[in-house]
Amino acid sequence: MTRAPFGRFRPVPLRTIPAVMAGAALLGLAACGGNARPRTELAAAQINTIGVNAYLWRAALETVSFAPLLQADSAGGVIVTDWYANPANPGERVKLTVAILDQDLRADALRVAASRQVISNGVWVEAPVQAATVQKLEDIILTKARDLRRQALAS
């Protein structure tokens, strides 16, 4: 409300309230632009035009490229392979699921799950996967993602 000439209040038109609120919000957000980190580092760590961190996504795709893909959802960050049998060991096959959980390039932004089957009496049966196998795949993906990021920063 604003004051009228003789001490009376006159109402502010309702159509001006949204404009005032939007202006106040923009003014408040303008103060949030602190430079805690260098701008190039932040941009390089969060390249995610596809919904997830692009370095993790590309590194994960390259790492599991030996197996046929069933699903690759860049918006959700999920890669699922079909069963893959190594020609050197046709009695064993693996299936992988890679999930990218964050937009940042961080170790906890990546999860790999593996299923393994072995053939027994002509039938595929579930077999345990060593934890070291999954950990090794995660390490390979993270190392590739960091290398991709370094290459991008050098360019």
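The values are calculated or read from the model by the stated rules, or taken from the named source; none is laboratory data. What you are looking at is a predicted structure, and each value in this text was computed from that prediction instead of being measured. For neighbour counting, all protein chains shown are included, and Cβ atoms are generated from backbone atoms with ideal geometry for every residue, glycine included.
Selection of the stretch 140-155 for residues being of a type in the set (V, I, T) and surrounded by fewer than 18 Cβ atoms within 10 Å (Cβ to Cβ) yields I140, T143. Within the stretch 116-132, the set of residues being of a type in the set (S, T, N, Q), surrounded by fewer than 14 Cβ atoms within 10 Å (Cβ to Cβ) and not in a loop (DSSP other than H, G, I, E, B) comprises just one member, S120.
Residue-level analysis places V80 outside the set of residues that are touching a residue at least 40 places away in the same chain (Cβ under 8 Å) and part of a strand (DSSP E or B). Cβ separations smaller than 7 Å between residues 6+ apart or across chains give the following pairs from the stretch 115-139 residues that are farther than 16 Å from G91 by Cβ to residues that are surrounded by 14 or more Cβ atoms within 10 Å (Cβ to Cβ): T133/A114; V134/V112; V134/A114; L137/T63; L137/V112; E138/L110; E138/V112.
The residue of the stretch 55-89 that is surrounded by the most Cβ atoms within 10 Å (Cβ to Cβ), among those that are under 21 Å from Q151 (Cβ atoms) and of a type in the set (D, E, K, R), is R58. Screening A43 against (1) surrounded by 10 or more Cβ atoms within 10 Å (Cβ to Cβ); (2) at pLDDT 50 or above leaves a single unmet condition, (2). When the test is whether a residue is more than 16 Å from L137 (Cα to Cα), at pLDDT below 95 and out of contact with any Asp or Glu (no Cβ under 7 Å at 6 or more places or on another chain), A75 passes it. Working only within the stretch 96-109, note down all residues that are closer than 16 Å to A132 by Cα and in contact with a Gly (Cβ under 9 Å, 6 or more places away or on another chain). Once the filter is applied, which keeps residues that are closer than 16 Å to A132 by Cα and in contact with a Gly (Cβ under 9 Å, 6 or more places away or on another chain), the stretch 96-109 yields only V98.
Number of residues in the stretch 90-107 that are under 23 Å from R146 (Cβ atoms) and touching a residue at least 24 places away in the same chain (Cβ under 8 Å) equals 9. Can you name every residue in the stretch 91-107 that is modelled with pLDDT of 95 or more and exposed (fewer than 15 other Cβ atoms within 10 Å of the Cβ)? Result: G91, single match. For S65, which of the numbered conditions (1) modelled with pLDDT of 95 or more; (2) in contact with a helix residue (DSSP H, G or I) (Cβ under 9 Å, 6 or more places away or on another chain); (3) among the small types (G, A, S); (4) assigned to a loop (DSSP other than H, G, I, E, B) fails to hold? S65 satisfies every listed condition except (2).
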